[in-house]
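The values are calculated or read from the model by the stated rules, or taken from the named source; none is laboratory data. Quick caveat, the model's predicted, so the values are computed rather than measured. Please note: Cβ atoms are built from the backbone with ideal geometry, for glycine as well, and neighbour counts cover all protein chains shown. In case anyone asks, the SASA skips ligands and DNA or RNA and just uses the protein heavy atoms, side chains included. Shrake-Rupley method; radii C 1.70, N 1.55, O 1.52, S 1.80 Å.
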Amino acid sequence: AFYRLVDQAKNKSPLVRKYEDDLRTYADLRNAIVHNRTSTEYVIAEPHDGVVERIEQIDQMLAKPKLVGQLFCKPVLTFETKDSLQQVLKAIRKEKYTQFPIYDERKQFQGLLTTVGITNWLATTITGANSNLPNQLPTLKAILHHEKNTENYRFISRSMTIYEAEEIFKIGVERGRRFEALLITEHGHADQKLIGIVTPIDIMKVD
């Protein structure tokens, strides 16, 4: 039965879970059309053009879902742990970015620096025993320690669907573990080249 297929598929597919209510409604409509005829010429329900278009749209998304690699692969601005905070501040001013992947000199990933971490460092610095800013800004290695959530990221494969990515953000919030960004590599491994980045705002903009 179609309802049973939906129940089985939603356990594996975030896209089916997203449109579960729609799919069940359309199944009821189909049953009304097929099984509740008052005569061979007359049925009690007919789908509007908008309903047909919506069914076709969901069919297309199920058959060929959008992938993060198709939408979000782009050059990513990264820094090294030895770089100065000043370099990141310049990037924030110029590019308006809020997340920065940080690597060491061996190109190994060390963490995701955010404007929240920078703010935490600033708050600690100006409210501590020495309330004056240092003459020389610290390195990014020092700033990373001020990220309250050190696991504020996750590496994902370029072949992941945008619906799976959306669900990662959603489940993270539900479990009290907010992800600031998803980092895209070929197969979702941290030791692979970074080829894209996805933020919660990016996902919200996708239709």
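In the chain, the ratio of gyration radius to Kirkwood radius, Rg to Rh, stands at 1.18 when only Cα atoms are counted. Annotation: lysines with alpha-carbon distance below 27 angstrom to Lys141 (same-chain offsets under eight excluded): Lys74, Lys82, Lys90, Lys94, Lys96, Lys107, Lys193.
Couplings for the range 143-150, taken from phi via the Karplus curve 6.51 cos²θ - 1.76 cosθ + 1.60 with θ = phi - 60°, read 5, 4, 5, 9, 6, 4, 9, 6 Hz in order; Gly and Pro are left as x.
Heavy-atom accessible area, probed at 1.4 angstrom with all protein chains present, ranks Leu5, Leu71, Leu85, Leu23 as Leu5, Leu71, Leu23, Leu85, highest first. Counting only protein heavy atoms and a 1.4 Å probe, the chain has 66 square angstrom of accessible area per residue. Evaluated over the Cα positions of the range 130-207, the convex hull gives a direction-averaged projected area, one quarter of its surface, of 7.4 nm².
Quick one: which residues, 5 or more positions from Lys66 or on another chain, have an amide H under 5 Å from its amide H? H modelled 1.01 Å from N in the peptide plane, none for Pro or chain starts. Amide H to amide H, under 5 Å and 5 or more residues apart or across chains, Lys66 pairs with Ile162. Qualifying trypsin sites (Lys or Arg not before Pro) in the range 1-37, where qualification requires a DSSP coil assignment and no more than 14 other C-beta atoms within 10 Å, comprise Lys12.
Residue ranges 60-68, 88-96 sort as 60-68, 88-96 when ordered by packing (mean number of other C-beta atoms within 10 Å per residue, highest first).
Dividing the summed helix terms, -39500 (n - 2.57) for each DSSP H run of n ≥ 4, by the number of residues in the chain produces a 222 nm estimate of -14000 deg cm²/dmol to the nearest 500.
For the range 104-201, the set of trypsin sites (Lys or Arg not before Pro) satisfying both a DSSP loop assignment and a count of at most 16 other C-beta atoms within 10 Å is given as Arg106, Lys107, Lys148, Arg175, Arg177, Arg178, Lys193. On the beta carbon distance between Met204 and Arg106, with R0 = 35 Å, the FRET formula returns roughly 0.50.
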